[in-house]
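The values are calculated or read from the model by the stated rules, or taken from the named source; none is laboratory data. Small disclaimer: the values here were computed from a predicted structure and weren't measured. Here the Cβ is made from the backbone with ideal geometry for all residues, glycine too, and neighbour counts use every protein chain on show. Just so you know, the surface numbers come from the protein's heavy atoms only, side chains and all, with ligands and any DNA or RNA stripped out. Shrake-Rupley method; radii C 1.70, N 1.55, O 1.52, S 1.80 Å.
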Amino acid sequence: MHIKLPSRINRDTMYGLLQKVINKDREPVANEILLDFSTLTYFIEPCGVTILSNLIHWLERRGVTVMINPGEVNGYDSPNKFLDDSMFFQEHIGETLNERASVRSTTLPLRQVSAQGPTEWLLGEFTPWLSKQLNVHVSRLATIQVCMEELLNNIRDHSEETTGCVFAQYVPGNSEIMISISDFGVGIPYNVQKKYPSYVDHKALRESVNRGFTTRTQKHNRGFGLDNLVYNVVMNGKGRVYIHSLNGMLSCKNGDDIIEYKSKSSLGYYPGTLIDIIFRTDVDEIFDIEEEDFSWEDL
């Protein structure tokens, strides 16, 4: 089956792409699928990088033969050049398209991060990179580190998958850092609905970010997850958080020193959870918070 990618891939166009590949029973539509990147000509957001990577791994784990037509690399600003420099093709076809491809200083390369042990990656790569882009000391990102650890632990505890896909990009022209985390697991609403069976997906997502709400079932999962992530990104970082899971979506933004939540049914079905985190880099005293009373040794 020949699947042409849309000319641009972002949160709005991802649903159409996923529906071409995954049927309503959450099964692959074919045993052999050719993903044609030659039609990706305009741009790809970080969420598109993680979605495509998750999709390829998901298909392969189900015995699907995935072939990739990477198309041509047409200049530094082309989306395929961006993917090549992000190590996307290295991950999925075993080599870069261009022998001179290299990770850009404004990106954190694509990673399939194991939920069995994400701490090393967080401390060794993620937090130092984020610290540099935000121009803050790593100690001021302690809460973000713990929230990220919790999100990846949740993949292990509540998902059919064993890895989370992470990619990040700094966009100087927009004064933004965009971080995308995704998995193709059971989805956040599935777990919330164990406590609140009557909640539709978007209402379940809204409940998941309420202070103190947790579905933790493992002792290493401290319930220090979505509510703290949203608070620190939106309030301390003046940023935004978008969550897409199953048939629901939730946006969390800063409005006059309060968090504005907006939940609604999504444009299509997302087979798992996608979390987009957006930090502002033009905010004075970002993450100017008191030192947290925990350490990584507590986890």
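Points worth noting:
- Ligands, DNA and RNA are left out, and with a 1.4 angstrom probe the accessible area of the chain is 45 Å² per residue.
- If you bin all the Cα-Cα distances of the chain at 10 Å, starting from zero, the percentages per bin are 6, 28, 36, 23, 6, 0.
- The slack in the chain from Gln19 to Leu267, taken as 0.36 nm per residue of separation less the alpha-carbon distance, amounts to 88.1 nm.
- Whether region 16-70 is rounded, prolate or oblate, judged on the alpha carbon gyration tensor where a/c under 1.5 counts as rounded: prolate
- Charge sum, other residues only, whose C-beta stays under 10 Å from Asn254's C-beta, Lys/Arg counted +1 and Asp/Glu -1: +1
- Only Lys, Arg (+1) and Asp, Glu (-1) charged, at Cβ; region 1-141 dipole about Cα centre in debye: 420 debye
- When you filter the chymotrypsin sites (Phe, Trp or Tyr not before Pro) in region 36-117 for DSSP loop state and at most 10 other Cβ atoms inside 10 Å of their Cβ, you are left with Tyr76.
- Ordering of 247-254, 171-178 by burial proxy (mean other Cβ atoms within 10 Å per residue, highest first): 247-254, 171-178
- The packing ranking, built from the mean of other Cβ atoms within 10 Å per residue, places the peptides 229-235, 270-276 in the order 270-276, 229-235, highest first.
- Prolate/oblate/rounded label for region 12-151 (Cα gyration tensor, a/c 1.5): oblate
- Potential lengthening between Asn98 and Phe43 on full extension [0.36 nm per residue; Cα-Cα distance subtracted]: 17.9 nm
- Solvent-accessible area assigned to carbon and sulfur over the chain amounts to 44 percent, based on a 1.4 Å probe.
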